[in-house]
């Protein structure tokens with residue numbers, strides 16, 4: 001049975017839920033804008049032959065876009081996890097150790113599900 005984080009007030013947790021939902025909508029909206037922009041570029045170009053330089057630039061932009069997409073996907077996953085923890089009453093407790101995550105960290109990164117030390121430990125292992 002997960003323990004509840006009694007250190008955080010219900011008002012703070014509700015504020016964080018709203019922030020997480022807004023972040024999720026922002027990230028999802030950015031993804032949709034990127035896809036719409038790419039479709040518009042393809043429509044503008046039509047059947048026109050593409051120059052080598054344009055293809056190289058597009059490939060570089062696609063690589064950057066994919067890297068940003070990967071970061072957004074990880075962040076969306078963390079946001080969804082944090083929202084589930086709010087429902088379960090375990091928001092603010094580490095997924096790894098069950099220890100409280102400092103309020104300052106949650107204010108800076110509302111989707112945090114690990115303490116800074118745990119996250120650093122995982123990064124070192126990878």
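The values are calculated or read from the model by the stated rules, or taken from the named source; none is laboratory data. Predicted, not measured: the structure shown is a model, and the values here were computed from it. Please note: Cβ atoms are built from the backbone with ideal geometry, for glycine as well, and neighbour counts cover all protein chains shown.
Within region 104-126, the residues that satisfy the criterion of being over 22 Å from residue 29 (Cα atoms) and surrounded by 15 or more Cβ atoms within 10 Å (Cβ to Cβ) are 105, 106, 113, 114, 115, 118, 119.
What residue, of 95, 72, is part of a loop (DSSP other than H, G, I, E, B) and either at pLDDT 95 or above or under 19 Å from the mean Cα position of the chain (by Cα) (or both)? Spell out the reasoning first.
Values: 72 fails: part of a loop (DSSP other than H, G, I, E, B).
Only one candidate qualifies: 95.
If you filter region 82-92 down to residues that are touching a helix residue (DSSP H, G or I) at 6+ places or on another chain (Cβ under 8 Å) and not in a loop (DSSP other than H, G, I, E, B), you find that the one that is surrounded by the most Cβ atoms within 10 Å (Cβ to Cβ) is 82. Look at residue 71 and say whether it is within 13 Å of residue 17 (Cβ to Cβ) and surrounded by fewer than 14 Cβ atoms within 10 Å (Cβ to Cβ). Considered against the rule, which asks whether it is within 13 Å of residue 17 (Cβ to Cβ) and surrounded by fewer than 14 Cβ atoms within 10 Å (Cβ to Cβ), residue 71 comes out as no.
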